[in-house]
Amino acid sequence: MPLDHRRVPGPEESQTPLLFAPVEAPEVPPRDPSALQPLFARAGLLSQAKGSAYVELHGGTKVLCSVAGPREAGGGAGAAAPGEPRGRLVCEFRRAPFSGRGARIRPSEREPELALALQEALEPAVRLARYPRAQLEVSALLLQDGGSALAAALCAAGLALADAGVELYDLVAACALCRAPGGEWRLQPSEPEERAADARLTVALLPSLNQVAGLLGSGEGGPPDSWAQAVRLGLDGCQRLYPLLRQSLLRAAKRRPAPGTQAPTDTDTAQPPAATA
């Protein structure tokens, strides 16, 4: 077959050079540092658990929490001592292998630290004196990490405890914050913002009692006034989250059938109003 010398012969499987050209990242519009991510929360999701809750943030974070007990405390690290008048709260925090970057390679690098932070923030909310020589078990599973994972787990754990009928002083509302290099504190950061941050802070609050349940901070946040500003911003965010968590718990109570009646066939999938500044 004669060749057409007017054209430049190329390989049969050629690709356009535009594929190798650098792609400019889309410009991210600035957001209000005090704005909350829209949140979806639902209690009573698992029928096999005594209590359960699911919390999802607009940034992609998804947490599923379940509660077991109260049961007799056995031997182990979280067991109650003989004759101890108060019960024990045992918390577990796990990351799914597909939850995010590095979760499969380093599955348990920060899990013990986050489980301890979860326990310390939940203990002030639970009336442990009502459960002597018993223990309550809280398990949080991070399905997807889109930022503010510990704060989402605290909100889900508080809802799950209330759904299980555990006596509480108040629900737990929590917010995460981060400080960008040379910038200001941002409420409920995304996962890229957390990776680039110089400092991180998680605030847990009992809103009705106006009592701080937990604080976990790390990094270089600047002078003490900067940390005080972050705490105030986090407490304000927790107060704004509280009505959304209460609405989720009320919807779960309405879905729960009364004793001796049949459970309804339809399910409530309505999303609570978005939390905005």
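The values are calculated or read from the model by the stated rules, or taken from the named source; none is laboratory data. Only a predicted model underlies this, so the values are computations on that prediction, with no experimental measurement involved. Backbone-built Cβ (ideal geometry, glycine too); neighbour counts: all protein chains shown. The protein model used for the area step is the full one, side chains on, heavy atoms only, and it has no ligands, DNA or RNA in it. Shrake-Rupley method; radii C 1.70, N 1.55, O 1.52, S 1.80 Å.
Suppose R0 equals 41 Å. What FRET efficiency, 1/(1 + (r/R0)^6) with r the Cβ-Cβ distance, do ARG255 and GLU184 give to the nearest 0.05?
Values: r = 41 Å, r/R0 = 1.00.
Efficiency at R0 = 41 Å is approximately 0.50.
Taking the Cβ of GLY51 as the centre, find all other residues whose Cβ is under 12 Å away and add up their charges (Lys, Arg: +1; Asp, Glu: -1).
Numbers: positive: LYS50, ARG256; negative: GLU137, ASP163.
Net of charged neighbours comes to 0.
Can you give the accessible area per residue of segment 116-266, in Å², using a 1.4 Å probe? Intermediate results must be reported in sequence, preceding the final value.
Working: 6650 Å² over 151 residues.
About 44 Å² of surface per residue is accessible.
Give me the one-decimal nm value for the distance between modelled label points at ARG232 and SER47, 7 Å along each residue's Cα-to-Cβ direction.
About 5.0 nm, to one decimal.
Full extension from GLN211 to GLU111: what is 0.36 nm times the residue separation minus their Cα-Cα distance, to one decimal in nm?
Numbers: separation 100, 0.36 × 100 = 36.00 nm, distance 2.60 nm.
Fully extending the segment from GLN211 to GLU111 adds 33.4 nm.
Evaluate E = 1/(1 + (r/R0)^6) for GLU120 and SER218, where r is the Cβ-Cβ distance and R0 equals 22 Å; express this FRET efficiency to the nearest 0.05.
Working: r = 15 Å, r/R0 = 0.68.
The pair GLU120/SER218 has a calculated efficiency of 0.90.
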